[in-house]
Amino acid sequence: MLPLQLLREQTDRIAQALSKRGLDAGPMLEEILRKDQERRSLQAQLDETLAEANRKSKEIGELFKAGKGAEAQALKAESAQLKEQSKTLGESLSRAADALQEALYQVPNAPHESVPAGQDEADNEVVAEGGKRPDLPEGAMPHWELAREYDLIDFELGVKITGAGFPVYKGKGARLQRALIQFFLDRNTEAGYTEVQVPHLVNADSGYGTGQLPDKEGQMYELKEDPLYLIPTAEVPVTNLFRDEILEASQLPVRYTAYSPCFRREAGSYGAHVRGLNRLHQFDKVEIVRVEHPERSYEALDGMVAHVKSLLEALGLPYRILRLCGGDLGFTSALTFDFEVWSAAQERWLEVSSVSNFEAFQANRLKLRFRDGNEKPQLAHTLNGSALALPRVLAGILENFQEADGIRIPEVLVPYAGFDRIQLG
RNA sequence: AGAGAGGUGGCCGAGUGGUUUAAGGCGCACGCCUGGAAAGCGUGUUUCCGCGAGAGCGGAUCGAGGGUUCGAAUCCCUUCCUCUCUGCCA
């Protein structure tokens, strides 16, 4: 949710920025400002009425104390009338406030100035490319065939116990997955991120805090008996650690990393592009989250991009970095860099990380602020990124490092995995 | 899951319907005092919203949400959480 003050003071700039999402936000913003005006006017009226009622009540108290019961009775009647008024005003005010809130929820984050205008992923800007695409041996296979060949992942078993999109990892497949998690956590820790373990179920307040709610509840699994959601990413619980918090400026930046499974309904997805590990309902991910001073958030974003890049380079995977265009940018993000790994056997890019600066958009919902000395609290900036999402990294490793008689394990993973090759027999 | 006790400002802690304008203490900030400091003294110190150029004024806020009342931290209802005991359990 964009801070209202920003919308008031920089209406044109925000509208301009939003146009990069292909959104004609002008009328929307005007409507919000009108609703804001209405709310403020009602607030002023209500405050005045309540102030009057407060004065009267105090007077009544004093009259009673002085033993002037009759005069007090007369004032009571007046006071009761004020109460009636304030009740009506209060109802109007909360309706107006709700309407404003709802309208604000509809506005996506304003893209950063560096975000290119564009409709969809075709308009994303490639900002870097690295690693070497392999020359695959004769008879190279996509990862889902490799997974079957070497008995690493059993998709059908997952279907039996849960449903499509819930794979069962076995043997070296499971071990490799665990190795990756630990490798990422270790690297993130070395880079200054503090490891945290957080709940995998969150309440609705947390969903609102990071922007999964309202309107996108269909993307999360929801429990039937309790008002809880399975997390679609560790971003939700980790960022919400700071909901309703006022930090000291000296506590910034906050840097956290967390491993978690992620649950996504992915309603409406189908076809060849979602085969194998390409798109799942449950997958593992290691996330990095930062809370930053507004003046340093873009510097922090660059640092996160550099860090994620170093992970892919350590693994030796061919990758590229994209700056997302307005049309492809997530609802809550101001600037996002996506990382993609080249899937040699599928001959396509697979997204393995998304690193974003949300500026004050999430902080505004979260009421996440910081205080510099004796200054008034102000909204912090939040950022997060995957470092990294497991399944597609696994797919990339299996496909890119396959050889005629086995699969080579990246050197940095060998100490974690306990083996350097996957082969038959 | 059952029974009981609780939830008050940055922290501790008083407060059973009306000078509570939330006592008192600690912490913190500023000032006085001092050669400098400590002590001492004084002032200030929740957050959000509205009005205002500002000083400031007003409203809300005692876990959350409703209610009773002219008036609620205080009484009633709902709900969340914490602690103790019992039960269950990795």
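The values are calculated or read from the model by the stated rules, or taken from the named source; none is laboratory data. Fair warning: this is a prediction, and the values are worked out from it, not measured in the lab. In this analysis, Cβ positions are derived from the backbone assuming ideal geometry, glycine residues included, and neighbour counts consider all displayed protein chains. Keep in mind that these areas ignore ligands, DNA and RNA; they rest on the heavy atoms of the full protein, side chains included. Shrake-Rupley method; radii C 1.70, N 1.55, O 1.52, S 1.80 Å.
For this structure, a couple of remarks:
- The single condition among (1) surrounded by fewer than 16 Cβ atoms within 10 Å (Cβ to Cβ); (2) more than 8 Å from RNA strand B (Cβ to nearest atom); (3) more than 25 Å from A:Gln378 (Cα to Cα) that A:Gly118 does not satisfy is (1).
- Selection over the stretch A:281-332 of residues that are of a type in the set (Val, Ile, Thr) and either in a loop (DSSP other than H, G, I, E, B) or free of Cβ contacts under 8 Å to residues at least 24 places away in the same chain (or both) gives a count of 1.
- Qualifying residue in the stretch A:103-115 (condition: within 16 Å of RNA strand B (Cβ to nearest atom) and at pLDDT 90 or above): yes
- Residue check for A:Glu125: open to solvent by 40 Å² or more (accessible area, probe 1.4 Å), within 30 Å of A:Leu6 (Cα to Cα) and touching a Lys or Arg at 6+ places or on another chain (Cβ under 9 Å): yes
- Being touching a helix residue (DSSP H, G or I) at 6+ places or on another chain (Cβ under 8 Å), surrounded by fewer than 24 Cβ atoms within 10 Å (Cβ to Cβ) and not aromatic (Phe, Trp, Tyr) is a description that does not apply to A:Asp302.
- Residue ranges of strands (runs of 3 or more DSSP E) in the stretch A:353-425 with at least 2 members open to solvent by 20 Å² or more (accessible area, probe 1.4 Å): A:369-371
- Annotation: A:Leu185 fulfils all but one of (1) within 26 Å of A:Val393 (Cβ to Cβ); (2) out of contact with any Pro (no Cβ under 9 Å at 6 or more places or on another chain); (3) outside any helix (DSSP H, G or I); (4) open to solvent by less than 20 Å² (accessible area, probe 1.4 Å); the unmet one is (3).
- A:His293 vs. criteria buried (at least 24 other Cβ atoms within 10 Å of the Cβ) and in contact with a Phe, Trp or Tyr (Cβ under 8 Å, 6 or more places away or on another chain): no
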